[in-house]
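Undergrad: Supplied in structure tokens, the structure appears directly below.
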Amino acid sequence: MIPRYTRDELGRLWADEARMESWRQVEVAACEELPELLGDEGPTEAELEAIRAARFTVAAVEERERETDHDLAAFVDVLAASAGEAGRWIHYGLTSSDVLDTALALQLRAAGEVIVAGAHAFADRLAERAREHVGTICVGRTHGVHAEPTTFGIKLASFAAEAQRNALRVQRAFAQAAIGALSGAVGTYSETDPAFEERVLARLRLAREDVSTQVVARDRHAELLGAIALAGAGLERFATEIRHLQRTEVREVQEPFRAGQKGSSAMPHKRNPIKAEQICGLARVLRGDAQAALENVALWHERDISHSSVERIILPDATILIDYLQWSALRLLDGLIVDAARMRANLELTHGALFSQAILLALVERGLARDEAYRIVQELAQRAFDEGINLRELLAADARVAPLKLDLDALFDYEHYVRHAEEIVARLDALIGAPAGV
């Protein structure tokens, strides 16, 4: 991932130094279990100390790789040379995938700790802001068109519930991908045994692949990137709402805009929803990564490396990017400017037409056939739109409706529509947790 969208912590986790350090951890853990596997013929404690002290540099590995044309073999050569005579035990009984896949699990676990925490933080903050705006009345829209009143808190509660699902989904996906395998060539433990694998993985705090071929099954990584892509889609849905609500014609919310910021190089008045647009754009990249991960599932026989080159790109990129997007969305949410007065003003744009369903049902209760009632309300609502006359006035003056003595005060009451808002938003308490002090 390019530096523009890379936060330091995730960037460091995927740097070459960190990748090779995870290889070293696996190699050392495997050597530490050789005495149990080989008995007196295995490495001595002095040799194990030399192996533990062995070091590498990325530059040395890269130089060696120019000769071997194999990065892991080059790494083993460098680490073994650093260990001296004890280096002969490094990589004993292992194949490249044993080290690469198990080390990858270590990196994914580390990345997951950061990403899962960020996902929960975003869900928590959405819940907080939903509670803050539980009574902030605004218009609900379907097809982009005014429908009926709702509250901004209910809107945010929907995003919070989805964010919580995504946080749990990503958490589960990282857990099932934190899987190691040290089962040797084609997965038969030909030079070790299953107990050796179990002990090494216990040292690394990793679970074992149920049945390894030579690699950890790639459906696991596809599930992870699918969960990440879904989390990105959830962030995109939130950002899309912000983009619409910030339009000049709507202007119910605005992204934070700091002192000195410029919205346009040409037009000084512009304050654009750039963070929301960025989130929407980058979510597309995550979906592309998920598609590539699906393509990686089907490998030839017990193993090929068609997946390897792809994963060098998509696993760092997707994890770095979802971390950045969660952080960016949280900043947007924290600084979001909510214009409650504009929301109230926008409710009046239809001249009362958004009360149409309540009026329809009231006419049905007064004895009109539903279709007849529908046609009356539809006609009068359209006049309200076209002529700019409040629907309440049209109803009061209509000869078909006036004799029915509708309670217009009750029908044109915004509070009727949001009377369950507290209950709806309170559902977040069970999903995400009640706010402090409750």
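Values in this text are rule-based calculations from the coordinates and carry no lab data. Computed from a prediction, not measured in an experiment: that's the story for all the values here. When we count neighbours, we look across all protein chains shown, and the Cβ atoms used for this are built from the backbone with ideal geometry, even at glycine.
Undergrad: From the list Glu17, Glu47, which residue is assigned to a helix (DSSP H, G or I) and under 39 Å from the mean Cα position of the chain (by Cα)?
TA: The match here is Glu17.
Undergrad: Just wondering, is there one or more residues in segment 72-83 that are of a type in the set (A, V, I, L, M) and more than 29 Å from Thr213 (Cα to Cα)?
TA: yes
Undergrad: What pairs can you find where one residue is in segment 227-256 and at positive phi, the other is crowded, with 20+ Cβ neighbours inside 10 Å and assigned to a loop (DSSP other than H, G, I, E, B), and their Cβ atoms are less than 6 Å apart, with a gap of 6+ or different chains?
TA: Correct list of pairs: empty, since none qualify.
Undergrad: Continuing with the same structure: Considering only segment 51-67, how many residues are closer than 22 Å to Leu182 by Cβ and either free of Cβ contacts under 8 Å to residues at least 24 places away in the same chain or surrounded by 19 or more Cβ atoms within 10 Å (Cβ to Cβ) (or both)?
TA: 4
Undergrad: Please count how many residues of segment 106-149 are closer than 19 Å to Ala160 by Cβ and assigned to a helix (DSSP H, G or I).
TA: Within segment 106-149, residues that are closer than 19 Å to Ala160 by Cβ and assigned to a helix (DSSP H, G or I) number 18.
Undergrad: Please verify whether Ala239 is small (Gly, Ala, Ser), surrounded by fewer than 21 Cβ atoms within 10 Å (Cβ to Cβ) and under 19 Å from the mean Cα position of the chain (by Cα), treating the condition exactly as stated.
TA: Numbers: small (Gly, Ala, Ser): yes; surrounded by fewer than 21 Cβ atoms within 10 Å (Cβ to Cβ): no; under 19 Å from the mean Cα position of the chain (by Cα): yes.
It is false that Ala239 is small (Gly, Ala, Ser), surrounded by fewer than 21 Cβ atoms within 10 Å (Cβ to Cβ) and under 19 Å from the mean Cα position of the chain (by Cα).
Undergrad: Shifting gears a bit: Given the conditions (1) over 30 Å from Val186 (Cβ atoms); (2) in a helix (DSSP H, G or I), and given that Asn272 satisfies all but one, which numbered condition is not satisfied?
TA: That leaves (2) as the condition not met.
Undergrad: Given (1) out of contact with any helix residue (DSSP H, G or I) (no Cβ under 7 Å at 6 or more places or on another chain); (2) in a helix (DSSP H, G or I), identify the lone condition not met by Ala233.
TA: All conditions are met except number (1).
Undergrad: I would also like to ask the following. Would you be able to say whether some residue in segment 237-248 is assigned to a loop (DSSP other than H, G, I, E, B) and aromatic (Phe, Trp, Tyr)? Show your work before the answer.
TA: Filtering segment 237-248 down to residues assigned to a loop (DSSP other than H, G, I, E, B) leaves 246-248.
Keeping just the survivors that are aromatic (Phe, Trp, Tyr) gives none.
Checking segment 237-248: not a single residue is assigned to a loop (DSSP other than H, G, I, E, B) and aromatic (Phe, Trp, Tyr).
Undergrad: Could you check segment 311-406 for helices (runs of 4 or more DSSP H) lying wholly inside it with 3 or more residues that are in contact with a Ser or Thr (Cβ under 7 Å, 6 or more places away or on another chain)? Step through it out loud before you land on a result.
TA: Values: elements: 340-347, 356-365, 370-387, 391-397.
Where helices (runs of 4 or more DSSP H) fall fully within segment 311-406 and carry at least 3 residues being in contact with a Ser or Thr (Cβ under 7 Å, 6 or more places away or on another chain), they are 370-387.
Undergrad: Would you please list the contacts, defined by Cβ atoms under 6 Å and residues six or more apart or on different chains, that run from a residue in segment 86-114 that is closer than 30 Å to Leu168 by Cβ to a residue that is of a type in the set (Gly, Ala, Ser) and assigned to a helix (DSSP H, G or I)?
TA: Every condition considered, the pairs that remain are Ala103/Ser22; Leu106/Ser22; Gln107/Ser22; Leu108/Ala177.
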